[in-house]
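Peer 1: Here it is: the structure, laid out below.
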Amino acid sequence: MRCMLCASGKEAEFNGEISLHFSGPKNVDKPCVWVFPKVLVCLDCGFSRFTVPGTELALLARGTGTSEAPAR
């Protein structure tokens, strides 16, 4: 697969641990949404991509979160 930004063929997959926060001052007290995706990283330019799993995607769509990281 080639990088979507620079077309390099040097990409690697890594395990990720990402805390997604709702933006804006009105959301400052909302809990974050934790995701643990596989992250594809271009080793030339740093462009990265991942997919948010369905359960966490539903939390983001509803505008709710969870204050604790799920057990892995």
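Values quoted throughout were computed directly from the atomic coordinates according to the rules given, and no laboratory measurement underlies them. Just so we're clear, the structure is a prediction, and the values are computed from it rather than from any experiment. Here the Cβ positions follow ideal geometry from the backbone for every residue, glycine too, while neighbour counts run over all protein chains shown.
Peer 1: Find all pairs meeting these conditions: Cβ atoms under 6 angstrom apart; at least six residues apart or on different chains; first residue within segment 10-28 and free of Cβ contacts under 8 Å to residues at least 12 places away in the same chain; second residue part of a loop (DSSP other than H, G, I, E, B) and aromatic (Phe, Trp, Tyr).
Peer 2: Pairs that qualify, where the first residue is free of Cβ contacts under 8 Å to residues at least 12 places away in the same chain and the partner is part of a loop (DSSP other than H, G, I, E, B) and aromatic (Phe, Trp, Tyr): there are none.
Peer 1: May I pose another question? Can you name the condition, by its number, that Leu60 falls short on among (1) surrounded by 12 or more Cβ atoms within 10 Å (Cβ to Cβ); (2) touching a Pro at 6+ places or on another chain (Cβ under 8 Å); (3) not basic (Lys, Arg)?
Peer 2: Failing condition for Leu60: (2).
Peer 1: Does segment 5-26 hold any residues that are more than 20 Å from Pro37 (Cα to Cα), of a type in the set (Gly, Ala, Ser) and surrounded by 10 or more Cβ atoms within 10 Å (Cβ to Cβ), and which are they?
Peer 2: Once the filter is applied, which keeps residues that are more than 20 Å from Pro37 (Cα to Cα), of a type in the set (Gly, Ala, Ser) and surrounded by 10 or more Cβ atoms within 10 Å (Cβ to Cβ), segment 5-26 yields Ala7, Ser8, Gly9.
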